[in-house]
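Below is one structure, written out as structure tokens, with a few remarks after it.
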Amino acid sequence: MNNVHPILSVNELIITYKNGAGIRNINFDIYPGDFVALVGSNGAGKSTLLNGLSGIQEITGGTIIYDDHYIENNKPYRILGFSPQNQVIDWYLNVFDNVLLGPLLAGFDKKRSEEMALKALNKVNLQQKSKHMVDQLSGGQQQRVQIARAIAHEPILYVLDEPTTGLDAESSELFLQYLEESIHHRECAVIISSHDLNLLENYCNKMIYIENGEIVYFGLISEFVEMNNQTARFAIEYKGELNNALSKLESDDEINIIHTKPLVLDMNKKMRISNIISLIEHEVEIVNIHHEPVSLRETYLRLKSVKGEQINERK
């Protein structure tokens, strides 16, 4: 990364509200190619952070710097595509004109803006609704209008706060696929928050985990999952019936059986799968063995559970 400019640098960022809540000590850089999941509980500070990055929330301290390398002199607002958590729609305009505002405000001329608006409407599958007033649309369709306006001008950095809320599974997948393709074909990056951790893990390569207004983790999702799991998961397909071997596995504190046929188990990373194989192959014929990665969602929920238990123990 030495020869690559960060699109965004956040240093010692503080945003404080009158009640004392907010975010503090926030530091991270975003580079081209980063697809960053913003993860945390409700009230952790995710929206505060994203609103600060977009400029709609005044910061209390620290700096948010967008690198000049990515800013066009005649189109300075093209760098950012922002979709807030709360719906922002111009109700007096039709669908097409709502989306058209995105590239117009980013500095593109009318003809180019119209082309970009049509392209964005196609991406969110609303081209047939372009002349409708937005109050004629369903909630999910209105959300797609907001998304289309945020992406129409092809920004360098997408800042997206719960953009898939209200969308069906297919629309959510198509939108994330579009973002992934944008990263691969253009010099851009994405920061996206969502409670659908499975969806985020399928597309994001990095994550910001924020709790109580501070970053707990920033880095690769794969490393976060690896460092926060002391177990390995294996799935073993077999023919026959497990009896004594299954009883021995169930009595082992280092093993957690999730399913019996196929045999899916979590085991301490220090253990060897060969020992499990030796135990069960006396009773059954092993057909296949494969390692199953633990998901981001499982890792996150497990961490939250452990922290909850620690808090209860201190009370």
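Quick check on the range 103-213: take the gyration tensor over C-alpha atoms, sort the square-rooted eigenvalues as a ≥ b ≥ c, and tell me if it's rounded (a/c under 1.5), prolate or oblate. Mind showing how you got there, number by number?
Values: a/c = 1.92, a/b = 1.34, b/c = 1.43.
Oblate, since a/c reaches 1.5 and b/c is not below a/b.
Would you mind checking the pairs 18/206; 75/111; 18/46; 111/131; 248/269; 46/123 and listing those with alpha carbons more than 22 angstrom apart? Working shown, then result.
On the way: 18/206 32 Å; 75/111 15 Å; 18/46 18 Å; 111/131 18 Å; 248/269 18 Å; 46/123 26 Å.
Beyond 22 Å: 18/206; 46/123.
Let me check something: with ligands and nucleic acids excluded, how do 78, 24 order by accessible area (1.4 Å probe), largest to smallest?
Values: 78 50, 24 95 Å².
Largest accessible area first, the list is 24, 78.
The GluC sites (Glu not before Pro) of the range 1-87 that meet both conditions, a loop assignment by DSSP and at most 15 other Cβ atoms within 10 Å of the site Cβ, are 58. In the elastic network of the chain, a GNM with C-alpha springs shorter than 10 Å, the most mobile of 67, 253, 90 is 253.
Compute the Kirkwood hydrodynamic radius of the range 214-286, taking the inverse of the mean of 1/r over all pairs of distinct Cα atoms, and give it in Å to one decimal.
Final number for the Kirkwood radius of the range 214-286 is 13.7 Å.
Between the range 127-171 and the range 1-60, the C-alpha centres lie 23 angstrom from each other.
Please calculate how many Å² of accessible area the chain carries per residue, with a 1.4 Å probe and no DNA, RNA or ligand atoms counted.
Numbers: 16370 Å² over 315 residues.
So the chain comes to 52 Å² accessible per residue, rounded to a whole number.
Listed by chain and number, the aspartates and glutamates whose C-alpha is less than 15 Å from the C-alpha of residue 239, apart from same-chain residues fewer than 8 away, are 281, 283, 285.
Order 193, 54 by their accessible area, 1.4 angstrom probe, all chains in place, largest first.
On the way: 193 0, 54 25 Å².
Solvent-accessible surface, decreasing: 54, 193.
Counting only aspartates and glutamates at least 8 places from residue 110 when in the same chain, those with an alpha carbon closer than 16 Å to its own are 97, 154.
When every Cα-Cα distance of the range 146-302 is counted in 5 angstrom steps from zero, the calculated P(r) takes the values 2, 7, 15, 15, 13, 11, 10, 9, 8, 6, 3, 1, 0 percent.
The values are calculated or read from the model by the stated rules, or taken from the named source; none is laboratory data. What you see is a predicted model; the values in this text were computed from it and never measured. Ideal geometry is used to build each Cβ from the backbone, glycine not excepted, and the neighbour counts take in all protein chains shown. Accessible surface areas use protein heavy atoms only, side chains included; no ligands, DNA or RNA. Shrake-Rupley method; radii C 1.70, N 1.55, O 1.52, S 1.80 Å.
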